[in-house]
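The values are calculated or read from the model by the stated rules, or taken from the named source; none is laboratory data. No experiment lies behind these values; they were computed from the predicted model shown. Virtual Cβ from ideal backbone geometry, glycine too; neighbours counted across all protein chains shown. What goes into the accessible areas is simple: the full protein's heavy atoms, side chains included, and nothing from ligands, DNA or RNA. Shrake-Rupley method; radii C 1.70, N 1.55, O 1.52, S 1.80 Å.
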Amino acid sequence: MPLFYVQGMPIGGVSIMLALVASMGGFIFGYDTGQISDILLMEDFKLRFATCSNPVDHNSCEFSTVRAGLIVSLLSIGTLFGALIGALVADKLGRRRAMVCECCLFVVGVIIQLATFTVWQQVAVGRLISGLAVGALSAAVPMYQAETAPTHLRGTLTATYQLFITLGILVAYCIGIGTRELSGAASWRTLIGLGIIWPVILGVGILFMPESPRWCAAHGKVEAARNSIARTYGIKKGDTANMHFVNSEVDDIVNQIENEKRIKAGWIDCFRPANKTLYRTLLGMALQSFQQLTGANYFFYYGATIFQSVGIQDSFVTQIILGAVNFGCTFGGLYVMQRFGRRRPLIIGGIWQAVWLFVFAAAGTAKDPTENKNIGTLMIVSACLFIFGYAMTWAPGIWILIGETFPTRTRAKQGALATASNWLWNFLIAFFTPFITSAIKFRYGFVFAACNLTAAVVVYFFLYESSDLSLESVDNMYNDPDCKPWTSHRWAPAGYSSRHDLVQQTKAAQSHKPLASGALEEKYIENTSEDTKIAPNGGTKAEYANGAPDAHGYAAGNGHGTPTTAGYATRTENAENGFAH
C-alpha cells in the first residue's frame, strides 16, 4: 500500500528507504572528510607521522606542507579515478551490486590505514584506495536515486545524499572530540576504524532495495523494472486501481531506451553537440567544479587549523558547531530545492556565500584575529552564515542536478565526468590550500568569493529549470530550441499550459475532481513523461489512439500527437515531440 501521496502520486515506504540506505554512500564520504581535520591535530598521530624535533614532545611536531597536503588530498585523487571507473561498473553490474563492491573496496582502504605504525605514506595510500570507493559511490548513488525515485519526490530524495554527507562530517567531529582523549594510537585508530561500520550498512541494506528500473529496462529486464517501480510507489500487483501508474512509466522508459539504443553511446558521445549533449556535459562539469570552488571544503578539511589561527582555544568544539550548522541547514535545503526549484536557490546562494566569504576575508586581513577577539568572533559568525547558505543551496542542489540533467543513454558517463571534475577540484583545494594560506593568509576567502559570484552567473545563463519534470521531459526541454535557460521555468511538456498546470492536473487525476480551470474531468496517467493520458473509461491505448469517443462522450486522440477536443495531446510515435508510445 502507498505510504502517502504527493501531488496525486502514490509513494511507497520503499522510496524513502532507498533514499536513506543509498545515501549512506554520502555518509561514508562525509565521515572520511570530517575525520582527517581532527586526526592531523591528535598528539599520537603527530608523534608517529609528523616531523618532530623532540620525538617525545608532540608540541615539537609539525606536518610539512607537502606531507599534510598529501595525507588529506590523496583521498580526492582516488575519488577522481573512482568516479570515472564507477560509471562503467554501475552500467555493467547494475547500480546495487556496484555499490556492494565499492563498499568492500572502502573497507580495504580503512584496514590499510589501521595497519600502519610509523609510515605516513601508508596512511596516504589507504586513503587513496578508500577514495576510489568514495568516488565510485558518488557517481552511482545520485544516479540510482534519480532513476528510482518517483518524479515529484526526486529532488528531495536525491538531496538526502548531501544531507548524509553533512551528517557524516558532524558524526566524525563528535567522535573525534571523544577519541582525542584516548591514550596512544587508540585516539586516531578508533576514529578511522569506526569507518568500517558505514559501508557495511550500505552494502547489506542496498541488497534489500529495488534495482534502478531504467537500468533493468536497458538490459532487457522489463518485468524487473515493473516490479521496481511498483515497489517505490507502494503498489501491489493486484492493485488494479493504481497499476496504470506503473505500466505507463514502464512503457515510457522502454520507449525512451529503444530510441536511444539506435545510436550506441560511448565516452566520445558525451562530447557530441547533437541534442545538447556536449552542452550538458560541460554544464555538469562546471557546476560540480563550482561546488568545490564555493570554498566549503576549505573549512571542512582545515577547519580545526583555521579556528586555531583565529585564536580559538578549543578548535574541535568550534568545528562541531560549524558541522552542526551544516547538517541542520541541509534539512532546509531539502525543502528549498523542492519548493523553489533549482535555478533560483543556486543564484541566490552563490551571491549569499560570496558576501560572507568577503566579510570573512576582509576581517581576517584588516586585523590579526589572534590579537582581536571581536575580529575572531566575526570570522566564525561569517563562516557559519556562509555554511548556512551553502547547506541550503549549492550543497544539495548540485547532486540533484547531476542525477536529472543527462539523457539515459549517456547519463552514467556524463555523471561520472561531472563528478570527476568535483573530485579534481577537491584534490586541488585540499593539496594546495596549505601553500596558499601560508602565502596570502585569509585573503584566500576573496578568491572563493569571486568563484561564488561567477557560479551564480553561470547558473543564470546556462542552467535549465528541471524541477517537477520527469527525466525524459528534462531531455525534451533541453532540446526545445524555443526554450532558454532564463525562461525554462515556464516550459511544460506538450499537452500542458504550464509547469503549474502539470502539477494541478496530476492532483486532479488522483482526486478525480474537475480542474480549477473548468476543464472537463479526465483521468490520466502521471508518469515519467507527464504527458501520457488515457480515456476516462479506462479504454486501451489503441482505442484512444483511433479517436473513438469514450463512455462519457469525450473525443479521444487521433494518434498523431494533436490535441483532443478536451484539449489534451495524446501519445505519438514521434519521440521528438516528447510523447511516449
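Here is how the numbers come out for the structure above:
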| read-out | value |
| --- | --- |
| Residue check, Ile169 touching a residue at least 24 places away in the same chain (Cβ under 8 Å), surrounded by fewer than 24 Cβ atoms within 10 Å (Cβ to Cβ) and in a helix (DSSP H, G or I) | no |
| Matching residues in the range 277-322 - criterion: being among the small types (Gly, Ala, Ser), modelled with pLDDT under 85 and in a helix (DSSP H, G or I) | Gly303, Ala304, Ser309, Ser315 |
| Condition broken by Lys237, with the remaining ones in (1) open to solvent by less than 40 Å² (accessible area, probe 1.4 Å); (2) modelled with pLDDT under 90; (3) under 16 Å from Val14 (Cβ atoms) satisfied | (1) |
| The range 473-489 residues that are free of Cβ contacts under 8 Å to residues at least 24 places away in the same chain, paired with ones that are outside any helix (DSSP H, G or I) and open to solvent by 10 Å² or more (accessible area, probe 1.4 Å) (beta carbon under 6 Å, 6 or more apart) | Met477/Trp491; Cys483/Trp491 |
| Hits in the range 258-289 - residues which are over 21 Å from Gly397 (Cα atoms) and open to solvent by less than 10 Å² (accessible area, probe 1.4 Å) | Cys270 |
| Unique match (being buried (at least 17 other Cβ atoms within 10 Å of the Cβ) and either at pLDDT 90 or above or charged (D, E, K, R) (or both)) among Phe63, Phe49 | Phe49 |
| Counted residues, the range 468-483 - those being under 14 Å from Arg343 (Cβ atoms), modelled with pLDDT of 90 or more and open to solvent by 10 Å² or more (accessible area, probe 1.4 Å) | 0 |
| Selection from the range 150-170 of residues that are touching a helix residue (DSSP H, G or I) at 6+ places or on another chain (Cβ under 6 Å) and either among the hydroxyl-bearing types (Ser, Thr, Tyr) or modelled with pLDDT of 85 or more (or both) | Thr156, Thr158, Thr160, Tyr161, Leu163, Phe164, Ile165, Thr166, Leu167, Gly168, Ile169, Leu170 |
| Filter result for the condition that a residue is within 15 Å of Ile36 (Cα to Cα) and assigned to a helix (DSSP H, G or I), over Gln145, Gln121, Gln162 | Gln121 |
| Selection from the range 447-466 of residues that are crowded, with 22+ Cβ neighbours inside 10 Å and of a type in the set (Ser, Thr, Tyr) | Tyr464, Ser466 |
| Complete set of residues in the range 344-371 that are open to solvent by less than 40 Å² (accessible area, probe 1.4 Å) and either out of contact with any helix residue (DSSP H, G or I) (no Cβ under 6 Å at 6 or more places or on another chain) or outside the structural domain of Lys484 (by the TED database) (or both) | Ala362 |
| Helices (runs of 4 or more DSSP H) (entirely within the range 326-436) containing at least 1 residues that are under 30 Å from Phe63 (Cα atoms) and either without any contact (Cβ under 8 Å) to a residue 24 or more places away in the chain or touching an Asp or Glu at 6+ places or on another chain (Cβ under 9 Å) (or both) | 343-366, 373-392 |
